[in-house]
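Here the structure is laid out as structure tokens; the discussion comes afterwards.
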Amino acid sequence: MENLYFNLGIIFVLILINGVFSMSEMSVVSSTKARLQKLVSERRFGAKAALKLHEEPTHFLSTVQVGITAVGILSGTFGEEALQLPIQKVLLQTPAFAPYSETLSLIATVTLITYFSVVLGELVPKSLALQNPEGIASTIAKPMQALALIFNPIVWLLSISSRLLVIALRLDRTKDTTVTNEEIRIMMEMGSEAGVFHADESQMVNNVMKLDDVRVRAIMVPRQEIYVIDSLEPVDQQRKRIEDSPYSKIIEGVNNSV
């Protein structure tokens, strides 16, 4: 019985470790560079390390993947003794299930471990990471860097293997990181909805980005439609012409260049 509780405890700890890996991955990936740089300027502990992981995530993500894979293998190993054998013993006591006890106990073990691994090891940690990605990334950055050093030989071997496979398959490894106009519009809309930007600011940025699609003739006024006032005319006459004109603003300049 003590051995059963010990194995269950090991499985629980492994699931929590899996959750830490998942939360670390999500927090670093979902962090924004601007906010991390702000934390660095505020001398937040771990912010500089988090920014480095965010800018160069390849080694970090490989480390996380190795950790998650190792945890999954260990969970399956301990799960067989902690869950499958006790469940199989219970099923053997039931004549209807006895012939299928090994298969049913295996299915039950996989189902239970998968359920708790997904909930406690994936969904909940990732949801927490999305609540405060930069803060969590700063907290876990230094421990993850230390773990990356430990896993460095394995990660190096995996990186070399993946590169060779990419070369063999002739896949394009280049990645376009340029921010498009559409992405900026979406970010401004989201910021406006969240109250970060005013609606006028969002509209202003949207109008500026439309300038590339606007022809000059669309915003120019034909010369014959320009209302001109001679600055050498008497002030009373100028005032009367302004009052009689349909325009509310007068631009000072030469009629050939305005």
By residue number, the members of the range 133-168 that are in a helix (DSSP H, G or I) and aromatic (Phe, Trp, Tyr) are Trp156
Test for Leu171: is it closer than 30 Å to Gln65 by Cβ and either not charged (D, E, K, R) or not assigned by TED's automatic domain parsing to the domain that holds Leu14 (or both)
yes
Looking only at the range 69-117, and only at residues there that are in contact with an Asp or Glu (Cβ under 9 Å, 6 or more places away or on another chain) and buried (at least 18 other Cβ atoms within 10 Å of the Cβ), the one that is nearest to Phe151 (Cα to Cα)
Thr109
Pick from Gly19, Gly46: which is surrounded by 16 or more Cβ atoms within 10 Å (Cβ to Cβ) and at positive phi?
Gly46
Just to be sure I understand, how many residues within the range 25-81 are under 19 Å from Pro143 (Cβ atoms), in a helix (DSSP H, G or I) and charged (D, E, K, R)?
4
For the subset of the range 22-43 comprising residues that are crowded, with 19+ Cβ neighbours inside 10 Å and not small (Gly, Ala, Ser), which member is nearest to Phe6 (Cα to Cα)?
Met23
Cross-chain or 6+ apart pairs with Cβ under 6 Å, the range 83-99 first and closer than 23 Å to Ile113 by Cβ, then assigned to a loop (DSSP other than H, G, I, E, B)
Leu91/Phe97
Checking Thr103, Thr32 in turn, the sole residue that is hydroxyl-bearing (Ser, Thr, Tyr), over 24 Å from Ser162 (Cβ atoms) and either without any contact (Cβ under 8 Å) to a residue 60 or more places away in the chain or not assigned by TED's automatic domain parsing to the domain that holds Pro153 (or both) turns out to be Thr103
Is it true that Leu61 is closer than 29 Å to Pro133 by Cα, within 19 Å of the chain's Cα centre (by Cα) and at pLDDT below 90?
yes
Of Leu157, Leu149, Leu120, Leu164, which residue is surrounded by 13 or more Cβ atoms within 10 Å (Cβ to Cβ) and either assigned by TED's automatic domain parsing to the domain that holds Ile15 or under 19 Å from Val20 (Cβ atoms) (or both)?
Leu120
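The values are calculated or read from the model by the stated rules, or taken from the named source; none is laboratory data. Values in this document were obtained by computation on a predicted structure and should not be read as measured data. FYI the Cβ positions are ideal-geometry reconstructions off the backbone, even for glycines, and counts take in every protein chain you see.
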